[in-house]
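This report refers to the structure that appears directly beneath it.
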Amino acid sequence: NISFEDFKEISKKIRSEVDIDKICILLKELIFKIDKSIDSSNCLLAVRSILENERYLKFYKKMDRNDLQLMTIYKAKGLEFKIVIHIGMEQWTFPSKSKDSNQNWVFKDASGDKNLHYVAITRAEKICYLVSMSKRVTKSDDKYYEKDATVSEFLKIERMNKHIIDLGEL
């Protein structure tokens with residue numbers, strides 16, 4: 001077994017080490033101290049492959065506080081940002097619609113989309129940009145078509161109008 005202090009000490013060495021071989025040695029030591037019966041070879045191969053590949057390594061590097069983060073609304077749940085840019089604020093896109101059995105256009109999940117919209121706009125600490133496009137793409141018969149777009153119903157909510165500033169086309 002390993003004490004918490006030993007764990008912290010080895011972890012600190014791993015975080016400050018830049019040599020891949022030394023990182024693997026420290027990691028092997030840590031795994032061995034946690035449980036002597038664990039075969040660490042697969043773990044060390046995975047760590048080495050990540051550390052030797054810059055593209056994979058980017059996923060594990062700490063972000064700079066000024067980096068732009070792209071994520072779904074689901075992933076943003078529970079997080080806060082100074083500025084949020086909420087895209088896809090066109091009719092049909094958000095909230096989404098589909099045809100019912102009578103071929104009428106209906107909201108797929110109006111309540112769920114409303115809750116998602118609430119999550120998106122409340123992630124912003126200072127300002128939230130709601131972005132709608134003048135064109136949208138639709139698919140029919142395995143072909144893509146460009147259509148004129150209209151703004152989402154969520155941008156037409158009466159109580160929100162006093163908070164929305166139209167920046168026009170950029």
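The values are calculated or read from the model by the stated rules, or taken from the named source; none is laboratory data. The structure displayed is predicted, hence computed values, not measured ones. Cβ: placed from backbone, ideal geometry, glycine included. Neighbour counts: every protein chain shown. Areas reflect the complete protein model, heavy atoms only, side chains present, ligands, DNA and RNA absent. Shrake-Rupley method; radii C 1.70, N 1.55, O 1.52, S 1.80 Å.
Overview of results
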quantity	calculated
Hits in segment 141-169 (condition: loosely packed, with under 10 Cβ neighbours inside 10 Å, among the polar types (S, T, N, Q) and at pLDDT 85 or above)	none
Single unsatisfied condition, VAL18 versus (1) open to solvent by less than 70 Å² (accessible area, probe 1.4 Å); (2) closer than 20 Å to LYS61 by Cβ; (3) not in a helix (DSSP H, G or I)	(1)
From the options LEU79, LEU68, residue that is more than 30 Å from ASP21 (Cβ to Cβ), modelled with pLDDT of 90 or more, outside any helix (DSSP H, G or I) and not β-branched (Val, Ile, Thr)	LEU79
Near pairs, Cβ below 7 angstrom, 6+ apart or cross-chain, from segment 49-72 (of a type in the set (D, E, K, R)) to any residue that is modelled with pLDDT of 80 or more	GLU52/ILE20
Scan of segment 37-65 for residues that are open to solvent by less than 60 Å² (accessible area, probe 1.4 Å) and assigned to a loop (DSSP other than H, G, I, E, B), ordered by number	SER40, ASN53
Number of the condition not met by LYS97 [criteria: (1) open to solvent by less than 50 Å² (accessible area, probe 1.4 Å); (2) over 29 Å from VAL131 (Cβ atoms)]	(2)
Residue within segment 110-127 that is assigned to a strand (DSSP E or B) and within 15 Å of PHE154 (Cα to Cα) present	no
Residues satisfying the stated conditions in segment 121-140, i.e. farther than 30 Å from PHE81 by Cβ and open to solvent by 90 Å² or more (accessible area, probe 1.4 Å)	LYS139
Test: residue in segment 136-150 that is within 19 Å of the chain's Cα centre (by Cα) and touching a residue at least 12 places away in the same chain (Cβ under 8 Å)	no
Meets criteria (surrounded by 12 or more Cβ atoms within 10 Å (Cβ to Cβ), within 30 Å of the chain's Cα centre (by Cα) and over 30 Å from TYR118 (Cα atoms)) for SER11	yes
Residues located in segment 78-94, provided they are out of contact with any strand residue (DSSP E or B) (no Cβ under 6 Å at 6 or more places or on another chain), of a type outside the set (Val, Ile, Thr) and surrounded by 14 or more Cβ atoms within 10 Å (Cβ to Cβ)	PHE81, GLY88, GLN91, TRP92, PHE94
